[in-house]
Every structure is written in structure tokens, then in C-alpha cells.
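Encoded as C-alpha cells, the structure appears first; notes follow it.
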């Protein structure tokens, strides 16, 4: 993180965020800040509010309480006025979402479009880019994720891992300032997980701000600046990977980790060439 970036306010600011679905409290007073260039991985049992938190960050859910700010804009304030205000806020929210890329558990690529068309469509339609400019950028992005030989392929011709890499390239085509990943490998066969995680690790190395909901503790250990452990809609513990995964402070986190596969030895994405710690 550069000196100028360190003086800027956090890119994501959650203050006492609450979200309810009927009688279910999905988020119960969540406080979290994510700095520019930081990678934060969120872990926890199913139903603890991880995905809901991501959806509040990109405006798919409006918090029922608290405050959610992304890049200086209040997500929870959008659409609270009359019809004109809602129209203006809708346009502002669309513009914000264009800067917040999101990759879901399911691949969500358009089945009727080729790989190249999947990546070029949003920049042309939403941002008004020229077709030739969008195609050049999309080709470079697909090459970056290892799909330069699949430009004309349709999703049904691709593996799950390849489709998820198309989804990542499509999000990157909008030139986001923040990337959200909601368990992006959970729908993949085990042998395909590595190719998606490799792309995500490269993004982290390049300085992309990322919030990643994941069960891949080895990935979180290698890539995250901080790991957040959630339980029942609350943040129970947060800290660097070594502390969270090797020396948890709470009994609940110790119980959670005891039921999972042992994680990889600690390493740093910023010091990949350093000798491993003993």
C-alpha cells in the first residue's frame, strides 16, 4: 500500500450494520473497515451472515440499521426519497456497482454469449466503450486468466473452473476498485479449484482490494492481510492469518477450526521469495 493510499479513508466502512429477513437477524451490528489494496477473507459456518455482508457492500441488500459506505458513498441512503430521488440514486448505485466487481458461487455467465462477448458486453452497454476497445481489453483479460484460446467458446463448452475465470474477467472488465468473491470455488470439482484460486492470488499480488468469503483456509492463509471469523451475524474475531488460524483467541473459533482440514504453512503474498518461517 502506497503512502498516499494510507492517508485515504478506508474503501469500505461498515458501522453497526444490521440486516433482517423477517424474524431472522442475518447481521447483528457488524463493524468492519477495509483499506485500499487490502485483502480480507471472511470465514465462518454456513448461515453466519458472510454472503449477506457482501451483498450489503455492493447494494444488493440495503441494511436495516447502521451505516455502509463504499468509496465515500452511503449505500444505505440510496433510494429513500421520492421517485426522482430514487431514479437519481439508482443511477448512482449502478455507477458504484460498476466499480465493485462481484463473483458469485454460481458462475452466472450468459449462456447465449461467447467467452469474448461475455466480457465485452457490460463495458459497451454500461460504460459506453467502443466495441473495438472493449474487445481488445477483454482479449487481454481472458489471456490473463488463461483463456486466450477460448474466445469463441460458449459456456457449455467450458469447464466449471473456466466459466468462473470468465466471470472474474467479466468483473475486471469494468475496471473495479473493489472485488467481492462469494465462495467462488464452492461449486467446482476439487481439481478445478486451484486454477481459480491462482487467478485470485494474482489479483491480490497486483494490489486489488478484495473481500473474499471462502472455506479455502490455505488460500486465506497465503493471501489475506486479515481474516474475519463470523458467527450468528456477528464478527467474533479478526486478525492476521497467523493469529486467526494458528492462535485463535476465542473458543468458538478454535472449535470451528478443529473441524476443518489443516491449513497450509504461513507465507506472505508480499514476500513470496522470502524463506518460510520455522
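Numerical summary
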| item | result |
| --- | --- |
| Of all residues making up the stretch 8-39, the number that are over 25 Å from residue 177 (Cα atoms) and surrounded by fewer than 16 Cβ atoms within 10 Å (Cβ to Cβ) | 6 |
| Residues of the stretch 41-50 classified as touching a residue at least 60 places away in the same chain (Cβ under 8 Å) and surrounded by fewer than 21 Cβ atoms within 10 Å (Cβ to Cβ), total | 1 |
| The stretch 250-264, subset surrounded by 12 or more Cβ atoms within 10 Å (Cβ to Cβ) and either assigned to a loop (DSSP other than H, G, I, E, B) or outside the structural domain of residue 42 (by TED's automatic domain parsing) (or both), residue modelled with the lowest pLDDT | 263 |
| Flag for residue 197 being in contact with a helix residue (DSSP H, G or I) (Cβ under 7 Å, 6 or more places away or on another chain), free of Cβ contacts under 8 Å to residues at least 40 places away in the same chain and surrounded by 14 or more Cβ atoms within 10 Å (Cβ to Cβ) | yes |
| Candidates 137, 127 - the one that is under 26 Å from residue 11 (Cα atoms) and outside any helix (DSSP H, G or I) | 127 |
| Test: residue in the stretch 210-219 that is more than 15 Å from the chain's Cα centre (by Cα) and surrounded by 21 or more Cβ atoms within 10 Å (Cβ to Cβ) | yes |
| Qualifying residues in the stretch 183-220 (those that are in a helix (DSSP H, G or I) and touching a strand residue (DSSP E or B) at 6+ places or on another chain (Cβ under 8 Å)) - the one farthest from residue 103 (Cα to Cα) | 217 |
| Filter pass, residue 245 being out of contact with any strand residue (DSSP E or B) (no Cβ under 8 Å at 6 or more places or on another chain) and either in contact (Cβ under 8 Å) with a residue 12 or more places away in the chain or in the same structural domain as residue 26 (by TED's automatic domain parsing) (or both) | no |
| Residue list for the stretch 165-179, restricted to those being surrounded by fewer than 24 Cβ atoms within 10 Å (Cβ to Cβ) and outside any helix (DSSP H, G or I) | 174, 175, 176, 177, 178, 179 |
| From the options 160, 207, residue that is farther than 19 Å from residue 50 by Cα, out of contact with any helix residue (DSSP H, G or I) (no Cβ under 7 Å at 6 or more places or on another chain) and in contact (Cβ under 8 Å) with a residue 40 or more places away in the chain | 207 |
| Residue identified as in the same structural domain as residue 203 (by TED's automatic domain parsing), surrounded by fewer than 18 Cβ atoms within 10 Å (Cβ to Cβ) and more than 21 Å from residue 210 (Cβ to Cβ) among 189, 94, 149 | 94 |
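The values are calculated or read from the model by the stated rules, or taken from the named source; none is laboratory data. These figures come from a predicted structure and were not determined experimentally. Here Cβ is always computed from backbone atoms with ideal geometry, including for glycine, and neighbour counts include all displayed protein chains.
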